[in-house]
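Novice: This is the structure I want to talk about, given as structure tokens.
No value in this document is a laboratory result; all are computed from the given coordinates. Please read these numbers as outputs of a predicted model, since none were measured by experiment. Because the Cβ atoms are built from the backbone with ideal geometry, glycine has one as well, and the counts that use them run over all protein chains shown.
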Amino acid sequence: MKYIPFILFTVMTNAAAQLMLKYGMMTFGPLTFAGVNPILKILQIVFSPWIFAGLCTFVISMASHLYVLSKVDLSFAYPFLSLAYVAVAVFAYFLFKEDLNAYRIGGIALICVGTVLIAQSGADTPDREAALADEKLQSERSIIQ
């Protein structure tokens, strides 16, 4: 449970990156590559301020996720990333006036319920890992003696 704040930081930076990328792409309008060098167009997109900030935020999110993976089970940490769907849907509704209909709200509710169940199932994961490490240390000591 003590790694939940790191997991939620990963989720929020992931969602923030998505929102920055969307805003950045909205500034370009519909993309067309007709009569334009595609490499130059891609570089123009990547180095536009909001896109670049979104990509940098993704790097931060990934670094945070790697830290989390070094501490908890993948089967515990990874499902929390679905909360990014929730955050993106809610913020896109307020920031970009995107549709948030009954089906999406129902899906968001299911994601939230599933994430709560996963969080409850892994509440003892760090303690279990510590107990296994102590057990291993004790067995190594008994071998040495």
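Novice: In whole Hz, with x marking every Gly and Pro, tabulate ³J(HN,Hα) for segment 91-97 from phi via Karplus 6.51 cos²θ - 1.76 cosθ + 1.60, θ = phi - 60°.
Specialist: 5, 5, 4, 7, 7, 10, 6
Novice: Let me ask you something else. Under 8 Å for C-alpha pairs, at least 6 residues apart: give me the relative contact order for the chain, rounded to a whole percent.
Specialist: After rounding, I find 34 percent.
Novice: I would also like to ask the following. Rounded to the nearest 0.05, what FRET efficiency do Ile60 and Glu140 give with R0 = 41 Å and r taken as the Cβ-Cβ distance? Could you check?
Specialist: According to the calculation, E is roughly 0.65.
Novice: At most 11 other C-beta atoms within 10 Å and a DSSP loop state: those are the exposed trypsin sites (Lys or Arg not before Pro) I care about. Give me the longest piece of the chain that has none.
Specialist: For trypsin sites (Lys or Arg not before Pro) (loop position, at most 11 other Cβ atoms within 10 Å), the longest site-free span of the chain is 3-96.
Novice: Along each principal axis of its Cα atoms, how long is segment 4-144 end to end? Whole angstroms, biggest number first, please.
Specialist: 74, 40, 20
Novice: Right, something else. Once the other residues with Cβ under 15 Å from the Cβ of Ser48 are scored (Lys, Arg +1; Asp, Glu -1), what is the net sum?
Specialist: +2
Novice: Going Cα to Cα from Lys71, which lysines come in below 27 Å? Please leave out same-chain ones fewer than 8 positions away.
Specialist: Excluding near neighbours in sequence, the set is Lys2, Lys136.
Novice: Report the net charge of residues surrounding Tyr23, where surrounding means a beta-carbon distance below 14 angstrom and charges are Lys +1, Arg +1, Asp -1, Glu -1.
Specialist: My count for the surroundings of Tyr23 gives +1.
Novice: To the nearest 500 deg cm²/dmol, what mean residue ellipticity at 222 nm is calculated for the chain from DSSP H runs of n ≥ 4 alone, each contributing -39,500 (n - 2.57), summed and divided by the residues?
Specialist: Rounded to the nearest 500, it is -26000 deg cm²/dmol.
Novice: Could I ask something else about it? What ³J(HN,Hα) values, in whole Hz, does the Karplus curve 6.51 cos²θ - 1.76 cosθ + 1.60 give for segment 104-112 when θ = phi - 60°, with x put for Gly and Pro?
Specialist: 5, 5, x, x, 4, 5, 5, 4, 5
Novice: Separate question: Starting from the amide H of Tyr3, placed 1.01 Å from N in the peptide plane, find each other amide H under 5 Å away whose residue is 5 or more places distant or on another chain.
Specialist: none
Novice: Separate question: When the Karplus curve 6.51 cos²θ - 1.76 cosθ + 1.60 is applied with θ = phi - 60°, which whole-Hz ³J(HN,Hα) does each residue of segment 24-34 get, with x for Gly and Pro?
Specialist: Result, ordered by residue: x, 6, 5, 5, 7, x, x, 7, 9, 10, 5 Hz.
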